Amino acid sequence: MSWRIFDNARIYTADAAGTWAEAMTAEDGRFVAVGSREAARAAAPPGTPVVDLGGRTVVPGLIDAHNHFLQTSYSLTWADARYPGVGSVEDLVGVIGRAAASQPAGRWIQAFGLDHAKFPDGPPTRTDLDRATTDHPVLVRHVSGHHALVNTPALRQRVGEDAADPQGGQLLRDGDGRLNGWCLDAAMELIIPVAVDVGNHGPNIHFEAALEDLVGALPNGSREYLSAGITTVCDAQVTSGS
């Protein structure tokens, strides 16, 4: 059995009275006592290791009742285009270029979290992604989940240069009427292979992916969730598979 006493902390118990404790005892990952130092020590066998938390605050793990854990974990394997790490068009070109340099030609390069509203040099387009690579199709998902930006190889591979807007979506164009790489709402499904048709609901997070890629993404996803204090999730969109 593995016992631990956690001491010197501000522990919020979340009971009806809003009680704060100063120590707690755990056995095999389960809490058996929360309260005073004396109570925590009395609940454990002699010689139990004591972990000094240095006055830190401890709160119960968060439960996310509407989450997309599998898809989020998978997306964390992509290039990170989130602000402030990516704060300009040139930053984005650099991130995509570095990701492409580590992959063989022809393999899709994906990125997540683009927030171009914060860019001082305006929104990127397909030509900017083309500067990063034309040897790989590139797909960059917007932070909202409602938009995606692709480069020329991705656009030509999936929809062509003369694609029409689908119902519930839009393919943006430049001043000359040429597709600029932005795919909004339902137009994302022209670019992103998905396993489930959600109609015009909005973001479709049922990405097609190899089972080994999805399973392989779960350990890192779990660590990321736990680091944010999320210990339990209810995945809001899970489908049965054959």
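Rule-based calculations on the coordinates, nothing more; no lab input. Values in this document were obtained by computation on a predicted structure and should not be read as measured data. Note that each Cβ is placed from the backbone with ideal geometry, even for glycine, and that neighbours are counted across all protein chains shown.
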| remark: Expected unfolding gain across Ala65-Trp20 under the 0.36 nm per residue rule, minus the alpha-carbon gap, is 13.7 nm
| field | Spread of Cα-to-Cα distances over 10 Å intervals beginning at zero, given as percent, for region 26-108 | value | 12, 25, 18, 18, 18, 10, 0
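State, to one decimal in nm², a quarter of the convex hull surface area for the C-alpha atoms of region 3-60, i.e. the direction-averaged projected area. Walk me through the numbers before you get to the answer.
On the way: hull surface 14.5 nm².
For region 3-60, averaging the hull's shadow over all directions gives 3.6 nm².
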| Roughly what % antiparallel, to the nearest 5, for the DSSP beta bridges in the chain? | 60
| Efficiency of FRET between Trp108 and Val58 - r from beta-carbon atoms, R0 30 angstrom, step 0.05 | 0.10
| task | For Asp162 paired with Ala209, estimate the spin-label separation in nm (one decimal), with each label point 7 Å from Cα along the Cα-to-Cβ line. | result | 3.6
| request: Return one number: the angle in degrees, 0 to 90 and rounded to the nearest 10, between the long axis of the Cα atoms of helix 89-101 and the longest principal axis of the Cα atoms of the chain. | output: 80
| Inter-label distance for Asp121 and Asp28, nm, one decimal - labels placed 7 Å from Cα along Cα-to-Cβ | 5.8
| request: Would you mind telling me the antiparallel percentage of the DSSP bridges in region 1-110, rounded to 5? | output: 70
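How big is the Cα convex hull of the chain in projection, averaged over all directions, in nm²? The partial results should precede the final answer.
Values: hull surface 73.2 nm².
Averaged projected area of the chain's Cα convex hull equals 18.3 nm².
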| message | If a paramagnetic tag sat 7 Å from the Cα of Ser36 along the Cα-Cβ line, which residues of region 50-64 would have the backbone N under 14 Å from that point? | response | none
